[in-house]
Number of protein chains: 2
Amino acid sequence: MASDHTRTAILAAAERLYADRGFGDVTLRDIVAEANVNLAAVNYHFGSKDELIAELFVTRSIATNRERLRELKAAEEQGGGRAPIEVILHALVGPTLRGCLGPENQRSTAARFMIRASIESVPPIRRIKNREIDHLRKFAGAMRRSLPDRSDIDIYWGLNFALAMAHHTIRESERLTKLSEGKCDLDDVEDVVARVVSVATMALTAGRTEAKAPSRLAAR
Amino acid sequence: MASDHTRTAILAAAERLYADRGFGDVTLRDIVAEANVNLAAVNYHFGSKDELIAELFVTRSIATNRERLRELKAAEEQGGGRAPIEVILHALVGPTLRGCLGPENQRSTAARFMIRASIESVPPIRRIKNREIDHLRKFAGAMRRSLPDRSDIDIYWGLNFALAMAHHTIRESERLTKLSEGKCDLDDVEDVVARVVSVATMALTAGRTEAKAPSRLAAR
DNA sequence: GATAGTTTCATACAACTGTTTGAATTGCAA
DNA sequence: TTGCAATTCAAACAGTTGTATGAAACTATC
């Protein structure tokens, strides 16, 4: 019951501050000042600072994961249980990239928070990330169904590289912009997604079939 | 002058502790206890905690960078100013991967420290990383010479993806092992390097020439 | 062996952290 | 209104942090 107003205000303020300044130098006192609530409110409503961070991260994580699985499921249903590998990879990296890149001024606080979380990775967040493996396994399964002639090893490496490119591009987007002197346009999110998916697809299909047609050809 | 013994002991102890437990929860008191020196010694010899961390990181960084440039230069000289793209990529990701992967028990403290630095990225380290762009530009230059028909945009994206795969694999090596149930062997460093180089090469040469022969064919 | 410069040491300091406390206030039901 | 629970609040707490101090111990030079 109750208005929940304080709770909400703390969550919003914390997300904003963490997104802007990182976990390292944002204190509870900064948060409650920004939220215009009393210092003790954080411990009253959340138990501890770590639980506050965890709640923020979990909320955003399950939103992203749900989005990913929604795309994946739709693709597999349409393909009769077997989706093209590009579509699977698109479902894997699309939601994250779409959430975390794009014009900075229209990037949501939630997105900027998740970028921070991927850069700094404080203990409470690291604990949660470890539980993400089950979620990734679902994608590995879909990839195996899509490319039944590829070994598990190759599947996992492909999955790893796809996530690598997506996350690294998010983490180091500033550096890539500076390095390329603006030539790499990170605001064109769909182009970034297409590049990541394309390379990951090549990684998974090289020396086997054409990149375009995931097939069930010869075994290794 | 002087024996430098204290200085050295502090550096060694700090590197070991940071590598094992992360920057977050290693205090100066932990370090001086491990090094068997007085608390004030850190400030006396290094000025501040941040300067100690910075010194550790720059030492290791320039070692890695020197190694990378050595490989790159040798390759370009042998190729008469133009090295095959695979060899350039090998010089880019090889030293880091070789330093940070491999059987855990024979992984150097320096390597484990650098992994930490890439995961946690505290302020003094972040400041130094920003100066790494000049170093990367040298590789971009070599890649451009190797693939003169590719646009700068593609070069930078290829560079970005190569670093992405290498660093992410290091950062998340534990997770990949767990996810693949040990099927992906991260101790076989040369296999990992080959995989990263192979995928990055494909990314840079796809739709242009065969992956094997970096050539000077038709323009885009 | 006295002197000057460097290095070590125990200790204190000042600031900041997340958390707790217990009293005041609020909101709502009877 | 009365009573009771939920919430807010100011204040203090307990712990830790990096840093500074000034005296002691050492080292090498003359």
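The values are calculated or read from the model by the stated rules, or taken from the named source; none is laboratory data. Nothing here was measured: the structure is a model prediction, and the numbers come from that model. Here the Cβ positions follow ideal geometry from the backbone for every residue, glycine too, while neighbour counts run over all protein chains shown. Ligands, DNA and RNA are excluded from the accessible area calculation, which covers all protein heavy atoms including side chains. Shrake-Rupley method; radii C 1.70, N 1.55, O 1.52, S 1.80 Å.
Laid out as a table, the results:
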item: Chain A: most fluctuating residue of A:ALA200, A:ALA41, A:ALA111 per GNM, C-alpha cutoff 10 Å; result: A:ALA41
item: Most positive-pole-ward Cα, B:HIS5, B:GLY24, B:PRO124, against dipole of region B:1-134 from beta carbon charges; result: B:PRO124
item: Cleavage-rule hits (GluC sites (Glu not before Pro)) in region B:162-194: DSSP loop, at most 16 neighbouring Cβ within 10 angstrom; result: B:GLU181
item: Nearest-0.05 FRET efficiency for B:ASP188 and A:ALA74, computed from C-beta distance (R0 56 Å); result: 0.90
item: Descending principal axes extents, chain B, alpha-carbon based, whole Å; result: 66, 44, 27
item: 18 Å reach of a label modelled at A:GLU67, 7 Å along Cα-to-Cβ, counting backbone N of region A:162-177; result: A:163-173
item: Net lengthening on full extension, B:GLU132/B:GLU174 (0.36 nm per residue, minus Cα-Cα); result: 12.5 nm
item: For region B:1-120, average projected area of the Cα convex hull in nm²; result: 9.4 nm²
item: Chain B, relative contact order [Cα under 8 Å, separation at least 6], %; result: 23 percent
item: Karplus (6.51, -1.76, 1.60) ³J(HN,Hα), θ = phi - 60°, over region A:61-73, in Hz, Gly and Pro reported as x; result: 5, 5, 5, 5, 4, 4, 4, 4, 5, 4, 4, 5, 5
item: Solvent-accessible area lost in complex, 10 Å² minimum, residues of region B:141-155 relative to chain alone, 1.4 Å; result: B:ASP152, B:ILE153, B:ASP154
item: For B:ASP185, label point 7 Å along C-beta direction: distances to other copies, nm; result: 4.6
item: Reciprocal of mean inverse Cα separation for region B:1-47 (Kirkwood radius, Å); result: 10.6 Å
item: 20 Å Cα-Cα reach of B:LYS73 towards lysines, excluding residues that sit fewer than 8 places from it in its own chain; result: B:LYS138
item: Translational D in µm²/s for the protein assembly as shown (Stokes-Einstein at 25 °C, 0.890 mPa s, Kirkwood Rh from C-alpha pairs); result: 104 µm²/s
item: Cα→Cβ-extended label distance, 7 Å offset, between A:ASP20 and B:GLU51, nm; result: 3.2 nm
item: Of B:LYS129/B:LYS178; A:LYS129/B:LYS49; A:LYS183/B:LYS49, pairs whose Cα-Cα distance is over 32 Å; result: A:LYS183/B:LYS49
item: Across the identical copies, how the B:GLU104 labels are spaced - nm, sorted shortest first, 7 Å along Cα→Cβ; result: 4.0
item: Position A:ARG145, label points 7 Å along Cα→Cβ, spacing to each other copy in nm (shortest first, one decimal); result: 5.0
